[in-house]
Every structure is written in structure tokens, then in C-alpha cells.
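Q: Questions regarding the structure given below will be posed in turn.
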Amino acid sequence: MGIIMNRILKHTFFLLFFALIVHQANAQKFTSHNVRSGETLEQIAQKYQVSIADILVYNKEVKVGQDLRPNTILVIPVNAKEGSGVVAPSSPQGQENADAQEEPIGFRSHKVRKKETLYGIAKRYNITENDIKRYNKELYSSQLKKKMVLRIPKYRRVRPEEASTENPEDFFMYTVAPKETRWSIAYKNGITIDSLLNLNPDLSKTSDYLREGQQLRLPKKPGSTIQKQETRLYRSYTVPPKMNFYQLEKQFGVKAEEVVRLNPEITERGGLKEGMVIRLPERKLDAGDVNTDNYNFYEVKPKQTEFSLTRKLGISYRELLLLNPALKDGLKAGMILKLPKAQTGNFEVRNALVLDKIDLMDSIDVANRPKLLFLLPFRLDRLNMGDTESVKEAIAKRNDVKLSLGLYSGALVAIDSIAELGISVTVKTLDNELDLTKTKELLARESLGEYNAIIGPLDPQSIKETAIRASSEGVPVIAPIPVRSEISLPNVFFTYTSEQLLRERMLQYMDSLAIDKNVIIIADKKNDAVKKMILERFPDAKIAELIEEEKNISLNLERFERLLALDKENWVFLETDNEKLVPSVSSILNSKNTKEVMVRMFTTNKNKAFDNDAISISHLSNLRFTYPSVSREVGNNAFVKRYQERFGDAPDRFAVRGFDITYDLLLKLAYKNDLFVISKMIGETEYNGNKFSYEKDPASGYFNSSSFINTYEEMQIKELKL
């Protein structure tokens, strides 16, 4: 262990390469255009003084060279900046012309300041990032640096006041009904998710959550009115003292603009006045038949064909067309399709959204260079590095040090493995000494916005402090061990599946298998709620009596024996964290497991009591003891061999977890350098001993929902395939 310790400590400040900076988009104003018969992209682009490229960016269902379908609603950027300003002809070659380089009328110089980004500079001068790179070619191979002097091209641009103005009559405010999602709303209104996000820039970039009653800005359908698109009722409201528009919006969910439009007297009297009786909308929140109870939803990806789509979704194109009549005009990227809830195929479903199964190994982009911060309690302040024996003794006594070294050693192997795929990773490692004050001190020195993710710390107070500081920079924090539920921060990724979810998965697994089984529950008073949960799933289950005294607990053997069945298999739930009860009950159950009486043991929570040395592995194997788990046993695979080569010993479960967490994180960042975005795009990922499927809670972060079902068999722990 001393050899491992010395090797790990040599890598405490492990530095590889530079990371890219992730940018966020600013808000953009839009109008909508209802396509007339015979109208072309060129004509529309000329009308609004934008390029075809600008239109295509926000309307992925439209393709250059295709005739526009009458009554299609296009989202038009009013102050487009990404396009070249050149209107391209409506032909298959139009895209090339749309991307044609506009010649600058001159140049200016710009000296890069600290924390400036290419995106911010481009926005400042009303040009694109590619415009800057074109005249500063060193930016194609290296990153933006402080004090770098850039040549900024000047172009003739249409002044904002000369551009087409937005027509409010083209839009209406849609109120989110129960069980609606972004995808179901986009489907109902015939627009793409991109259009929905562009029209509602205030929507969260890190969560897909929509709250009931939330208002969204949507384009009107041709020939419709607001009244046709949503049921609207009104109520009278007397304005109380000190009431303002902000409070009105908070209380009734209605924007100031709508209040003023419904009550012109507000403008005439110079604002809201005490005692004024105004009209406020009351909307009937009705999602109709298109909601998450009735359908799943899928967003069509670029270059998908009818064949690849139907194979993925496990449905014929004819059936798909019946559900989605808009498909008669062809398959278009960005379209939202609805699927039956019972439909199965080569996909995962999360919150009624069909996710693509992405092979991260085949999807990495070597241009992405993740930068990680490890913040773990190595307790170097307590270790005498000159005395190997004392170091080994300290590690053996301190679980926090053992855990940190295990996680970090596995992480180092993951970094080596990702480097072999061509991905450069920058890593900084800090010792927070398991101390909140030290954590605050370290964080104060760091520019957290430079990192793509932070792994650690381990103690709840330090995790909360780190997450709060990282949240303002939009940086995710990875909690590598179980953390108390009161840490509720939207940027924390909880890598351990909760005990509650593990219990639910276990009961789901047993539900279809427990037919014609004699179910018996052994649960102490502390686990009375768990007993009730099992009874709800298996109402015919029998309850075994426990004799619970002040310092002792035991099974009432005589009564238990009367519960056993001879004609069917006996499935016994043992729900306790009492270290004396588990060895006793497992021994009793093993003695009753004969050719005449078949007994099998289960638990919904394998806690420390089940790891007691007094428990016979032979008994657990005979009873085929089965339980839910966040991990599985690891065989002699490539990771184990690589770990042994580097550290001279086999990895423990902490090292396995450190590898899996870090490797999963780096593969995702190598695919798309934004963990929040990629976590919404892909489903479950699986590695050596752990798997991850993060689901977003609106306010409490990202929670791993993956689990294993393990069983003892032939003196080994094996994973049961579900």
C-alpha cells in the first residue's frame, strides 16, 4: 500500500493540456412568416433583409432546394448576426452562396482582456466568431489569450432600426398545462424545439422542466386567433395598495404587457392605481390528448431516413404516418413525432422523451479538451511522508484518506485511458483536508469558470459550498459518494442511486417473478415503512414476528416455522440494519432451506449489517441472497490489468468507482464539452462496476437512476440480467 501511496502522491498535481471555453448564447428577437403558395426562401430572405443561412439556422425542417410548403410558419431572426448578410439564390447551391465571405470595408484592433471569450468579442462587434478567426488565423490552432491583439473586420451592416420589426399579432402566449413537456407543446403547435427555445430565451439551458401555468411565446397557426388556440376566461381584480406588475406576475402568472393590453386604462391613468378594477386572464389548463400520459415524443435528427427512423423506433412508417400526419410532406430534422406509450425499440425513454443510444467511444471530438478539478481530502497535513510505516498506518485507520486515494487512483487510470483516444485533459488536484474552512480558502483562489467539472469534495458541507460557488459559473459538481438529500443544488450530479429508488427497482424486479411464491417479511420497527411498501406490492405476504428487547433482537422461531410453505418456494424479505439480526436470521433460513422446503432470501437495502464477518458466505449462496446495488463485482478485465501495472495491486471498489465516474465524465465531455447538455441527450452508460443514467430534478440537481440486481451464487456475487 505504501508503494501505491507514493505513486499516487506524485500525481497529486497532474497537469496535461489546455481546455476550451464553453460559451452561452444571448437572446435574439424574432418574427414569424406564414409561407404563401409559390414563395421561395430567396424572396422571404429579401423581404426581411436576412440571409438564407439565417433562416435555415432557426428552421431545421426547411432545406435549400426544396419547395416551401404553403402555410408553413417560419421563425425569422429580426436582428440576425450570424449570417453573412448576402442573400443566396434558392437553389441546391444556395447554401454555399449563403456562406460566401463578405469583404470587410476596414479593420480595427482589439486587445483581449482577462476572461474575455471569442463569442463575447464577436457579439460586441456584431460579427461572427468565424469572421474573427478568418483574419486571425492563429485562433484555428490555439486558444484566445489575454493581451492578444486581434484584427477585427468592419462590414456594412443593416442598422437595427432599418430591419423589419416584430409583429406582436403573429404570436400568442401559451399556458403550460399539467403533464406537458417542451416536446409535446412543440408537436401540438407544429414547430421545432429550436424554434421554441429561440422564441423563449428565458427557458432554462440546464433543465427541460416546465411548470404548470408557465407561459410560452408561440407563433400563431395560419388563420387562427388566440381564442382558438387556448381556452380563455377572465376575472375582475381590485388593485390593492402598493401592488405592482412584478407582484401581479408572481401571483397570477401574467406578464405586464398582457395586463396593459387587456386594461388600456392603466396607460391612461399612468400605471396601476389602488382601487382600480382590472381584468386578468384565467386560462383553463388543458393539455388535451397530447401529453406525457398518452404519448412519448421523439425529435428527428439531421440526416435520418425513413428506414433508419422506423428501425430505431420499432414501428412501420405507415403507423408513424397515422400518428403524425405532417410526415406526408417528408421527414425533416427538428420535427417532433409522437409515439404510443407502449412502443418499444432501440431507444430509452426518460420523462416521455425518446433518447438516442449514443456510442460515446465512436462519437468523441478531439477538439474538446476537458479541464477537471479534483477536490478531495487526502489529509496530507496529517501524513509524515518521510515515514512509510506511519503513512500506511494512517491510511488503514482513516476511511476518508483510503476513499480519496482509491477514487483518485482510479481516476488517474481513466485519464490515461482517455488520452489514448486522443483527448487532452487538464487536471488540477487540491487537498481540502476534510475541512470547510480549507475548502473555502481553496475555492477563493480558483477561477472556477475555467473548469468543465469539479469532482468532490466528500463531506456534505464542503460539497454544498463548492456547488454554490460553481453554480454562478455554470460548472457541474460531481458527488462521488452518497450525500445527504438536503443538499439541493441544480448543478450537482449525485452519482449514487438513492436507497428509495433501489428499493423500488428491487420490488419491480420481483413483481413479475413472485407469482405463486410464499412471500414472508422480516422487518424490525425501524423498517416499518419498508414493510408497508412491500405489503402494498405483495398484499398476501405474511409477517414474521421479531422479539425486540432493549439490547437484543431475535426471530420468533416457532411462529416463523408455521409461516413456511411446503408446496411452493418461500421468498423471505429481511429488512434491518441490525448487525446481530442478519447473521442470526441468515443462519436460521439456511437451516430451513432443504429439499422439502425451499427458501430464498432478499432485501431491498443491503447495508453494512449484511457485510458482517459473522455472516456465512456459504449460507448466502445457498439462499441465493438477492439485493439491489449501485455497483457490481468486477472481473479481471482490461481496467484491472492497467491498474495493477500502474500501482502494483488490484483496485478496490473505490478505485473502480473513481475510474468509472471519471471515464464516464470525460467521454461525455469529449462528445460535447457541456455536461448539462449531454446529460439530456443520452441515456444510460455502463462501465466496469457502475452505470449512470442522470435524471434532472427541477431544483435539486441530477440524480443517477441506474441500478443492478445482484445475487450470491456458487460462492460468488453475480449480476442478474434484467
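Q: Leaving out ligands and nucleic acids, note down the accessible area per residue over region 594-658 with a 1.4 angstrom probe, in whole Å². Walk me through the numbers before you get to the answer.
A: Details: 3230 Å² over 65 residues.
Roughly 50 Å² per residue, with all protein chains present.
Q: Same structure, new question: Based on the Cβ-Cβ distance of Gln500 and Arg108, what FRET efficiency does E = 1/(1 + (r/R0)^6) give at R0 = 35 Å, to the nearest 0.05?
A: Working: r = 59 Å, r/R0 = 1.69.
Efficiency for this residue pair is about 0.05.
Q: For the cross-link pairs Lys525/Lys592; Lys123/Lys250; Lys402/Lys440; Lys428/Lys464; Lys250/Lys668; Lys542/Lys580, which exceed 26 Å when the distance is taken from alpha carbon to alpha carbon? Don't skip to the answer; put the middle values down first.
A: Details: Lys525/Lys592 24 Å; Lys123/Lys250 32 Å; Lys402/Lys440 23 Å; Lys428/Lys464 20 Å; Lys250/Lys668 38 Å; Lys542/Lys580 23 Å.
Lys123/Lys250; Lys250/Lys668, as the Cα separations exceed 26 Å there.
Q: Express the accessible area of region 244-348 per residue in Å², computed with a 1.4 Å probe while the remaining protein chains stay in the model.
A: On the way: 5940 Å² over 105 residues.
Here the residues of region 244-348 average 57 Å² of exposed surface.
Q: Any idea how far apart Gln716 and Ser587 come out in nm if each label point goes 7 Å out from Cα toward Cβ?
A: Here the answer is 2.9 nm between the modelled labels.
Q: OK, next. For region 572-722, rounded, prolate or oblate, judged on the Cα gyration tensor with a ≥ b ≥ c (square roots of eigenvalues), a/c < 1.5 rounded, else prolate if a/b > b/c? Could the numbers behind the result be given before it?
A: Values: a/c = 2.63, a/b = 1.76, b/c = 1.50.
It is prolate, given that a/c is not under 1.5 and a/b is the larger ratio.
Q: Could you give the nm distance between label points at Lys551 and Lys123, where each point is 7 Å from its Cα heading toward the beta carbon?
A: It works out to 6.9 nm between the two label points.
Q: So who's got an amide H within less than 5 Å of the one on Ser631, skipping anything under 5 residues away but keeping other chains? H placed 1.01 Å off N, in plane.
A: Phe708
Q: Here's another thing I want to ask about it. Per-residue HN-Hα couplings for region 708-718, Karplus 6.51 cos²θ - 1.76 cosθ + 1.60 at θ = phi - 60°, whole Hz, x for Gly and Pro?
A: Along region 708-718, the couplings run 10, 10, 10, 9, 7, 8, 6, 6, 10, 9, 10 Hz.
Q: How do the peptides 175-188, 608-621, 675-688, 261-274 rank, highest first, by the average count of neighbouring beta carbon atoms within 10 Å per residue? Numbers along the way, then the final one.
A: Details: 175-188: 20.9, 608-621: 14.5, 675-688: 18.3, 261-274: 12.2.
My ranking of the peptides, most packed first, is 175-188, 675-688, 608-621, 261-274.
Q: Another one. How large is ³J(HN,Hα), in whole Hz, for each residue of region 427-435 in order, when computed from phi with the Karplus curve 6.51 cos²θ - 1.76 cosθ + 1.60 and θ = phi - 60°, using x for Gly and Pro?
A: 10, 10, 10, 10, 9, 8, 6, 6, 9
Q: Additional query: When the solvent-accessible surface of protein heavy atoms is calculated with a 1.4 angstrom probe, in what order do Lys721, Lys542, Lys137 fall, highest first? Before the final figure, lay out the partial values.
A: Values: Lys721 160, Lys542 75, Lys137 135 Å².
Final ranking, largest accessible area leading: Lys721, Lys137, Lys542.
Q: For Val599, what residues show an amide H to amide H distance below 5 Å, using hydrogens built from the backbone and excluding near sequence neighbours?
A: Asn570, Thr594
Q: Now, a different point. Taking amide H atoms as placed 1.01 Å from N in the peptide plane, list the residues 5 or more away in sequence, or in a different chain, whose amide H sits under 5 Å from that of Tyr155.
A: For Tyr155, whose amide H was placed from the backbone, the distant partners under 5 Å are Ile105.
Q: When a/c reaches 1.5 or more, the comparison of a/b and b/c decides; with that in mind, is region 614-692 rounded, prolate or oblate per its Cα gyration tensor? Don't jump to the answer; show the numbers that get you there.
A: Numbers: a/c = 3.53, a/b = 1.56, b/c = 2.26.
Note, shape of region 614-692 comes out oblate.
Q: Turning to a different aspect of this structure: With labels modelled as points extended 7 Å from the Cα through the Cβ direction, what inter-label distance (nm, one decimal) is found for Asn294 paired with Asn351?
A: Between Asn294 and Asn351, the label points sit 2.2 nm apart.
Q: At 0.36 nm per residue, and after removing the present C-alpha to C-alpha distance, how many nm does the segment from Gln214 to Arg562 gain when stretched out fully?
A: Values: separation 348, 0.36 × 348 = 125.28 nm, distance 5.80 nm.
Extra length from Gln214 to Arg562 when fully extended: 119.5 nm.
Q: Checking the a/c ratio against 1.5 first, then a/b against b/c, what shape does the Cα gyration tensor give for region 497-607?
A: Values: a/c = 1.65, a/b = 1.02, b/c = 1.62.
Since a/c reaches 1.5 but b/c is at least a/b, the shape of region 497-607 is classed as oblate.
Q: Follow-up. Using per-residue counts of other Cβ atoms within 10 Å, averaged over each peptide, order 573-583, 300-310 from highest down.
A: On the way: 573-583: 20.2, 300-310: 12.8.
Result, highest mean first: 573-583, 300-310.
Q: To continue, here is another question. How large is ³J(HN,Hα), in whole Hz, for each residue of region 405-416 in order, when computed from phi with the Karplus curve 6.51 cos²θ - 1.76 cosθ + 1.60 and θ = phi - 60°, using x for Gly and Pro?
A: 5, x, 4, 6, 5, x, 5, 5, 5, 5, 5, 4
Q: Per-residue counts of other Cβ atoms within 10 Å, averaged by peptide: what ranking do you get for 653-665, 110-122, highest first? Kindly include the intermediate steps, with their values, before the conclusion.
A: Details: 653-665: 24.7, 110-122: 15.2.
The most tightly packed comes first, giving 653-665, 110-122.
Q: Can I ask one more? At R0 = 41 Å, how high is the FRET efficiency between Asn130 and Glu686 if r is their beta carbon distance? Nearest 0.05 is fine. Could the numbers behind the result be given before it?
A: Values: r = 38 Å, r/R0 = 0.94.
Calculated value: 0.60.
The values are calculated or read from the model by the stated rules, or taken from the named source; none is laboratory data. Keep in mind the model is a prediction, meaning the values are calculated, not measured. Please note: Cβ atoms are built from the backbone with ideal geometry, for glycine as well, and neighbour counts cover all protein chains shown. For accessibility, only protein heavy atoms count, side chains too; no ligands or nucleic acids. Shrake-Rupley method; radii C 1.70, N 1.55, O 1.52, S 1.80 Å.
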